[in-house]
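The values are calculated or read from the model by the stated rules, or taken from the named source; none is laboratory data. What you see is a predicted model, and the numbers here were worked out from it, not measured in a lab. So basically every Cβ, Gly included, is an ideal-geometry build from the backbone, and we count neighbours across all protein chains shown.
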Amino acid sequence: MIDTPELVDVPARKIAKIHLVVPSKDIMTHMGAGLKEVRQALAEQNIKASGAWLTHHFKVPNTTFDFEICIPVETDIAPQGRVGAGELRAARIARTVYNGNYSGLPNGWVEFMTWIHAHELQMAGDFCEAYTVGPDDSTDPADWRTELSCPLQV
């Protein structure tokens, strides 16, 4: 279900982002609308994405999701509505790729967390999902790829 995890040092990255705290049951509605809002702000400012869109989560979801919808960019975006500029910090991360339909992501995370704990790594507390191949790229969920990453305490 997931590729073999690896440890990687990543540099800081600029992002255009929108921060949301939403009920878990409504995540798909807010995710689509929020992504559209960030993409629209980038288009209106003529700023191109420099990587796959992602979500940056501040805690493990329970009844709510506390997260940012992010698009990596090379230049800062001017604040526009709820969209603003931000940065993902440089970090040592554990990273893997989950392959398949989004409905299986929770099981992919369980497998990844099991690996992290088995290797006695300490998570910093936040985590990301980067949607490298998704419904915009292929109608076959078997083709979808989601990069899972967790900054680590060093």
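What number of residues in the range 125-145 are free of Cβ contacts under 8 Å to residues at least 60 places away in the same chain and either among the small types (G, A, S) or not in a helix (DSSP H, G or I) (or both)?
Final tally of qualifying residues: 11.
Quick one: how many residues across the range 70-124 are assigned to a strand (DSSP E or B) and either more than 17 Å from the chain's Cα centre (by Cα) or closer than 19 Å to P11 by Cβ (or both)?
Qualifying residue count, the range 70-124: 14.
Which of the residues that make up the range 4-46 are surrounded by 14 or more Cβ atoms within 10 Å (Cβ to Cβ) and farther than 16 Å from I69 by Cβ?
P5, V10, Q45
Within the range 126-142, count every residue that is over 14 Å from the mean Cα position of the chain (by Cα) and either more than 15 Å from M1 (Cβ to Cβ) or among the small types (G, A, S) (or both).
Residues that pass the stated criteria total 7.
Provide a single number: the residues in the range 35-57 that are in a helix (DSSP H, G or I) and either in contact with a Gly (Cβ under 9 Å, 6 or more places away or on another chain) or of a type in the set (S, T, N, Q) (or both).
Residues in the range 35-57 being in a helix (DSSP H, G or I) and either in contact with a Gly (Cβ under 9 Å, 6 or more places away or on another chain) or of a type in the set (S, T, N, Q) (or both): 3 in total.
So which pairs qualify, if the first residue must be in the range 37-55 and closer than 24 Å to Y102 by Cβ, the second must be of a type outside the set (S, T, N, Q) and in a loop (DSSP other than H, G, I, E, B), the Cβ gap must be under 6 Å, and the two must be at least 6 apart or on different chains?
Sorted first by the residue in the range 37-55, then by its partner, the pairs are S50/E74.
Do we have L148 as crowded, with 16+ Cβ neighbours inside 10 Å, assigned to a helix (DSSP H, G or I) and of a type outside the set (K, R) here? Give the steps one after another, and end with the answer.
Values: crowded, with 16+ Cβ neighbours inside 10 Å: yes; assigned to a helix (DSSP H, G or I): no; of a type outside the set (K, R): yes.
Against the criterion (crowded, with 16+ Cβ neighbours inside 10 Å, assigned to a helix (DSSP H, G or I) and of a type outside the set (K, R)), L148 does not qualify.
Given the criterion surrounded by 15 or more Cβ atoms within 10 Å (Cβ to Cβ) and at pLDDT below 95, identify the matching residue among Y98, Y102.
Y102
For D137, indicate whether it is more than 26 Å from P23 (Cβ to Cβ), charged (D, E, K, R) and at pLDDT below 95.
Answer is yes for this residue.
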